[in-house]
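Novice: If you scroll down you'll find the structure; I have some questions about it.
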Amino acid sequence: MYPRLEIDLDVLRENACILRERCSLWNVHPVIVTKGFLADPVLARMLWDLGFSSFADSNLPNLLRLRRLFGSHAELFLIRLPMSWELEILSEQGISPFVSHVEVLENLEAVARRTRRPSSVVLAVEGGDGREGFLFEELPQTLEVLRRLFWVSLRGIATTLACLSGVLPDREVVERLLRVKGFFAEELQKEVVLSVGGTTFLSLWEEGRPLEGVDEVRFGEALLFGSDISRKRDIPWLKQGAFAILAEVVEVRAKEPLQGKALGYDAFGRQCVLRSSGPRRRILVALGKQDVDEDQLYFDDEHVTIVGATSNYLVLDVEESQRPYRVGDVVSFRAGYGAVLRAFLSPYVEKVYREKMGEGRT
C-alpha cells in the first residue's frame, strides 16, 4: 500500500549503539527525544532493549504511551512547557515537566499536595535561542519559590538551542549553565542535573575536550538521521538513510500553467509565483502536505525538481530526466526530520519496518 514510510531498523539500531557508547565514553547520560517518531512502540521497544531508559517528548500522549510500555522503570520528561490541564496527569504519572514560570511551580505543588504524589521538575533556562526558559536574572526569585515547596522538588536545569533562532552552543554557553547548576546545588544543598539539547550539542564533545559538569544530553535527530541540521552536516560517525518515503505516480503529462493571468494565493495562503518556459513534463505523486513536508524530501534523480505540493499531490518536474516515468510507478525519497514527523502523524501513510531478520513488518 502507498504512500509508505519505510523504516530501516538496522540503521537505527547501529546509530543507537554508537550513541550509547559515545555517551558512556563522554560520561554523560543519554535521553532519547521521541517526538520525531511519536514514541512509536516498535522503535521505543528497540531502544529500551538496547539499554535506554530515559525518554523526552513534547506531547503528553506520547509519554503516556511510553509509560504504558515500560511502567515506572522509564524516566520520562515533558520538554514542552506544560499546560494547566496537564499538571495533574504529570503528577499522577511521575513525568517531570520543563517549567519556566514560578506560577507553574506553585500550581504543580498544589496538585501534588492534593494527590499526595511527590513531583519533580526541570527548570528550563534561556540559553540564547529566544525560546522557552527562565531569564538569568529571574533565578534568585525562582530559588526562593523552590525553597517553599514541599511536594515538588528540583531535578535539574536544562536548555535547548538551535531550534528557533539557530543559536549554536559553545563552551561559553555551557559555562554559564554550569554556574546556574552550581548556584542551585549550593543553595538547595542537593544534586542538580544539567541537561542540554539537542543533537547540536554533540559537536562540543566531538572537539575532544570533556564537558565537565554536563550530566545529560537529549537527542533525537542524531539517532534517527545521523545528521545535525543546525550545522547542515551529516555526523561522520553515524549512519544516514534510515527513513524512505515511497509513493505512486498517478499522472504523467507535459503541462504549462496559463500565461498572462492574475495570480492569487495557493490553498495554504502563499503568494503564487509563475515559473515557466513552455510546457514541461510533470508527474503527480499521490502524496501531499497532509502526509509529508515536501521541503525535506530528497530524490535520487538529480534531474528532477519538486515543483510544489498540495494537500494530496506532490508535483515533480521530470523534463530533464532520462527516466521513463509512467503511471503506476513507485518513486522513493530519502526523508528528513519534517517529512518523517508528518508521515508518522498521517493515518494515510503505511509504516513498514525493515531489518535483516524479519524484513517487511508493518
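Novice: Where both residues lie in the chain, what percent of DSSP beta bridges are antiparallel, nearest 5? Can you show the working numbers first?
Specialist: On the way: 30 of 64 bridges.
Looking only at bridges with both residues in the chain, the antiparallel portion is about 45 percent.
Novice: Another question, then. Can you work out ³J(HN,Hα) from phi for every residue in the stretch 218-223, in order, using Karplus 6.51 cos²θ - 1.76 cosθ + 1.60 and θ = phi - 60°, giving whole Hz and x for Gly and Pro?
Specialist: 9, 8, x, 4, 4, 5
Novice: For the pairs Lys190/Lys239; Lys239/Lys356; Lys232/Lys356, note any where the Cα-Cα span goes beyond 28 Å.
Specialist: Numbers: Lys190/Lys239 39 Å; Lys239/Lys356 16 Å; Lys232/Lys356 30 Å.
In this structure, Lys190/Lys239; Lys232/Lys356 lie more than 28 Å apart at Cα.
Novice: Let me ask another. Under the rule of at least 5 residues apart or a separate chain, name every residue whose amide H is placed under 5 Å from the amide H of Gly220.
Specialist: Placed amide hydrogens put Val33, Thr199 under 5 Å from Gly220.
Novice: May I pose another question? List the relative contact order of the chain as a percent without decimals, with contacts defined as Cα pairs under 8 Å and 6+ residues apart.
Specialist: Details: 693 pairs, mean separation 68.0, N = 362.
Reported relative contact order: 19 percent.
Novice: Let me ask you something else. Just to confirm, what accessible area per residue do you get for the stretch 171-248 at 1.4 Å probe, in whole Å²?
Specialist: On the way: 3280 Å² over 78 residues.
Using a 1.4 Å probe on heavy atoms only, each residue of the stretch 171-248 averages 42 Å².
Novice: Which residues make up the longest stretch of the chain clear of GluC sites (Glu not before Pro) that lie in a DSSP loop with no more than 12 other Cβ atoms within 10 Å, not counting the sites?
Specialist: Details: sites that count: Glu191, Glu207, Glu212, Glu302, Glu320, Glu359.
Looking at the chain, 1-190 is the longest stretch - no exposed GluC sites (Glu not before Pro) with at most 12 other Cβ atoms within 10 Å.
Novice: Please give every one of the aspartates and glutamates within straight-line cross-link reach of Lys351, meaning a C-alpha to C-alpha distance under 15 Å, and leave out same-chain neighbours fewer than 8 residues apart.
Specialist: Glu6, Asp8, Asp40, Asp291, Glu359
Novice: Once the Cα atoms of helix 171-188 and of the chain are each reduced to a long axis, what angle between those two axes, in degrees from 0 to 90 to the nearest 10, is obtained?
Specialist: Roughly 40 degrees between the two axes.
Novice: Which one, Leu12, Val152, Ile245, projects farthest toward the positive side of the charge dipole computed for the chain from Cβ point charges (K/R +1, D/E -1)?
Specialist: Checked the options; the winner is Ile245.
Novice: Same structure again: Sorted by accessible area with a 1.4 angstrom probe, largest first, how do Arg116, Arg176, Arg326, Arg147 fall? Could the numbers behind the result be given before it?
Specialist: Details: Arg116 165, Arg176 75, Arg326 145, Arg147 110 Å².
The ordering from most to least exposed comes out as Arg116, Arg326, Arg147, Arg176.
Novice: Shifting gears a bit: Only one of the listed values, (1) 72, 53, 43; (2) 91, 52, 37; (3) 59, 47, 34, was derived from the coordinates as Cα extents along the principal axes in Å; which label is it?
Specialist: For Cα extents along the principal axes in Å, the calculated option is (1).
Novice: Still on this structure, I have one more. Among Asn27, Asn107, Leu168, whose Cα projects farthest towards the positive end of the dipole of the chain, with charges put on the beta-carbon of Lys, Arg (+1) and Asp, Glu (-1)?
Specialist: Looking along the dipole axis, the top candidate is Asn107.
Novice: I would also like to ask the following. In square angstrom, rounded to the nearest 10, how much accessible surface does His73 have for a 1.4 Å probe?
Specialist: Rounded to the nearest 10, the figure is 150 Å².
Novice: Of the accessible area of the chain, with the probe set at 1.4 angstrom, what percent is carbon plus sulfur? Spell out each step's value before the answer.
Specialist: Numbers: 8760 of 17500 Å².
The computed percentage sits at 50.
Novice: Lysines near Lys255 by alpha-carbon distance under 28 Å, same-chain residues fewer than 8 away left out - which ones?
Specialist: Reachable lysines: Lys289.
The values are calculated or read from the model by the stated rules, or taken from the named source; none is laboratory data. Keep in mind that what you see is a predicted model, and the values were worked out from it rather than measured. Don't worry about glycine lacking a Cβ; one is built from the backbone with ideal geometry, like all the others, and counts go over all protein chains shown. Surface accessibility is based on the protein's heavy atoms, side chains included, excluding ligands, DNA and RNA. Shrake-Rupley method; radii C 1.70, N 1.55, O 1.52, S 1.80 Å.
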